[in-house]
Amino acid sequence: MRTTDFRASRPAALVAAVTLVATAGALIGSQSAAAAAGCRVDYAAGSQWPGGFSATVAVTNLGDPVNGWRLSWTFPGDERITQSWNGSHTQSGAQVTAVNAAWNAAIATGATASFGFNPTSGATPAVPAEFTLNGTVCTGSTGPTTTTTTTTTTPGPSRPMIENSFPVTREAAYGDNRFTVFRPSNPQALDRPFPVLAFGNGACAHTNNSEVTRALTFIASKGFVVVDTGSVDGSPNGVPSGSPIPSLLTDAITWAEREQNRSGAPLRQRLDLVKVATAGHSCGGLEALVAAQDRRVSGVVSLDSGFFADGSFGYPRSELGKLHTPALFMDGGPSDIAYSNNQANYDLATVPSVLARHPQAGHTGFITGSQLTDGMTTVVQFLDMVLNANPTARAYILSPSGLASKPPWVTAAKHF
């Protein structure tokens, strides 16, 4: 297994809260000339592959409301953006300016807008030294200053998510009975916003999600907000079952974006929308793999699934070439009907990928069987590695002394 850990020389390069120089300036909007301006930028490089990496940026407005934003910075190395999402960009040499999309132009006081991009690079990703929002340098605070000081904070590794054990609330998604939400009951349970997981059910069950309730409750108890297809009580919701509808999972992400800013929502400003993943079991795994092509997604988990060689369900294996995020391919060994398919999908994937096989799990052991805790632990650790760059989770997934050392698991990895 080839392992490249670029945190060795920069421990917090993957998840760095950037605090930068402050100067007086005016944000776009209706603020008065005397109003204080301020902003905070959180820059995270979530995954790396030979010749490039993926990055997400969250801009928090600490000043008066903004209606239309542009964020500028200078790359410290040879980074060249090839793709961006949730906004557009221009680049001249190392200088970059990102501009809002139509739907995320407004940033209320205390609110956050997020976007992401994939750059090519031949070096270790590094945090830009300074960001400016509409001409105002972001400091992490408000108010004018007469000094020029640049500081980059590099917080130490956070607690692994697998160590959490939060009470979980299972509830109907507000305003959309296509979805059920699994979340920590206390929205303040985690010391940071919750990552979001959009999940597709086995058999592409789009009404009843009772089969996955135990598994998704486990994931939510570790500090994730899971948005699953299906109404909370199994009642009809107008969505047919039996065939993949990947747009359901991207719609689940859009629902989370709305909930992030809905007045009175328990999860208002408690979702980390730069840390979004998709996952699914069996037919739902196909939905997850297609939905993961969405540029808001930073990781994908395929459970007992995979694209078929004959293009069944309308999705050929060439879809794997459209992935842009790390992927986890899990199966239950030779007795799993998806065993060969899962292996073939892992072999064809060009993104950083992990293969995890539990020969005793069969097709449903991770979801309803005695391998549920083992399987969902692997899912949580993978997501913690990819979304949070947690070093403990990374060791669990990739180190020979981690999952690979726990019989009867069989693992492989590439491009990490």
Single unsatisfied condition, Pro144 versus (1) at pLDDT 95 or above; (2) in a loop (DSSP other than H, G, I, E, B): (1)
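Please specify each residue of the stretch 233-251 satisfying the condition of being within 19 Å of Ala279 (Cβ to Cβ) and either touching a residue at least 40 places away in the same chain (Cβ under 8 Å) or acidic (Asp, Glu) (or both). Step through it out loud before you land on a result.
Taking the stretch 233-251 first, the residues within 19 Å of Ala279 (Cβ to Cβ) are 239, 241, 243-251.
Passing the criteria: Val239, Ser243, Pro244, Ile245, Pro246, Ser247, Leu248, Leu249, Thr250, Asp251.
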Among the residues listed as Leu320, Leu328, Leu273, Leu303, the single one being more than 23 Å from Pro359 (Cα to Cα), touching a strand residue (DSSP E or B) at 6+ places or on another chain (Cβ under 8 Å) and among the hydrophobic types (A, V, I, L, M, F, W, C): Leu273
Single match in Pro76, Pro119, Pro125 (criterion: in a loop (DSSP other than H, G, I, E, B), modelled with pLDDT of 85 or more, crowded, with 19+ Cβ neighbours inside 10 Å and not hydrophobic (A, V, I, L, M, F, W, C)): Pro125
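With the structure loaded, tell me whether Ser340 is under 22 Å from the mean Cα position of the chain (by Cα), at pLDDT 95 or above, of a type in the set (Gly, Ala, Ser) and not in a loop (DSSP other than H, G, I, E, B) or whether it fails that test. Lay out the reasoning, then the answer.
Details: under 22 Å from the mean Cα position of the chain (by Cα): no; at pLDDT 95 or above: yes; of a type in the set (Gly, Ala, Ser): yes; not in a loop (DSSP other than H, G, I, E, B): yes.
The answer is no for Ser340.
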Identity of the residue in the stretch 147-176, among the charged types (D, E, K, R) and modelled with pLDDT of 95 or more, that ends up nearest to Thr378 (Cα to Cα): Glu163
Residue satisfying condition, being under 16 Å from Gly280 (Cα atoms) and free of Cβ contacts under 8 Å to residues at least 24 places away in the same chain, within set Tyr339, Tyr315, Tyr346: Tyr339
Hey, Ser235 in the same structural domain as Lys275 (by TED's automatic domain parsing), surrounded by fewer than 17 Cβ atoms within 10 Å (Cβ to Cβ) and over 21 Å from the mean Cα position of the chain (by Cα) or not: yes
Residues (surrounded by 14 or more Cβ atoms within 10 Å (Cβ to Cβ) and at positive phi) located in the stretch 242-270: Gln269
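Output the residues belonging to the stretch 215-250 that are of a type in the set (S, T, N, Q) and either in a loop (DSSP other than H, G, I, E, B) or touching a strand residue (DSSP E or B) at 6+ places or on another chain (Cβ under 8 Å) (or both). Explain how you work it out, then say what you get.
Within the stretch 215-250, the first condition is being of a type in the set (S, T, N, Q), and the residues that meet it are 217, 221, 229, 231, 235, 237, 241, 243, 247, 250.
The answer is Thr217, Ser221, Thr229, Ser231, Ser235, Asn237, Ser241, Ser243, Thr250.
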Those residues of the stretch 251-296 which are assigned to a loop (DSSP other than H, G, I, E, B) and over 15 Å from the mean Cα position of the chain (by Cα), in sequence order: Arg262, Ser263, Gly264, Ala265, Pro266, Leu267, Arg268, Gln269, Ser282
Pairs with Cβ under 9 Å, 6+ apart, first in the stretch 252-270 and aliphatic (A, V, I, L, M), second part of a helix (DSSP H, G or I): Ala252/Ala291; Ile253/Ala291; Ala265/Arg258; Ala265/Glu259; Leu267/Ala256; Leu267/Glu259; Leu267/Gln260
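Does at least one position in the stretch 48-58 carry a residue that is in contact with a helix residue (DSSP H, G or I) (Cβ under 7 Å, 6 or more places away or on another chain) and under 28 Å from Gln269 (Cβ atoms)? Let's see the steps before the verdict.
At the first step, the residues of the stretch 48-58 found to be in contact with a helix residue (DSSP H, G or I) (Cβ under 7 Å, 6 or more places away or on another chain) are none.
There is no residue in the stretch 48-58 that is in contact with a helix residue (DSSP H, G or I) (Cβ under 7 Å, 6 or more places away or on another chain) and under 28 Å from Gln269 (Cβ atoms).
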Pairs, first outside any loop (DSSP other than H, G, I, E, B) in the stretch 197-211, second β-branched (Val, Ile, Thr) and surrounded by fewer than 24 Cβ atoms within 10 Å (Cβ to Cβ), C-beta under 6 Å, six or more apart: Ala198/Ile253
Qualifying position, being more than 23 Å from Gln343 (Cβ to Cβ) and not basic (Lys, Arg), among Leu398, Leu383, Leu387: Leu387
Subset of the stretch 177-186 [under 17 Å from Ser165 (Cα atoms) and either modelled with pLDDT under 95 or in contact with a helix residue (DSSP H, G or I) (Cβ under 6 Å, 6 or more places away or on another chain) (or both)]: Phe182, Arg183
Sole exception among (1) in a helix (DSSP H, G or I); (2) at pLDDT 95 or above; (3) buried (at least 18 other Cβ atoms within 10 Å of the Cβ) for Thr411, by number: (1)
Filtered residues of the stretch 297-328 (kept if at pLDDT 95 or above, closer than 25 Å to Thr378 by Cβ and not in a strand (DSSP E or B)): Asp304, Ser305, Gly306, Phe307, Phe308, Tyr315, Arg317, Glu319, Leu320
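The values are calculated or read from the model by the stated rules, or taken from the named source; none is laboratory data. The structure presented is a predicted model; accordingly, all values stated were derived computationally and were not measured. Note that each Cβ is placed from the backbone with ideal geometry, even for glycine, and that neighbours are counted across all protein chains shown.
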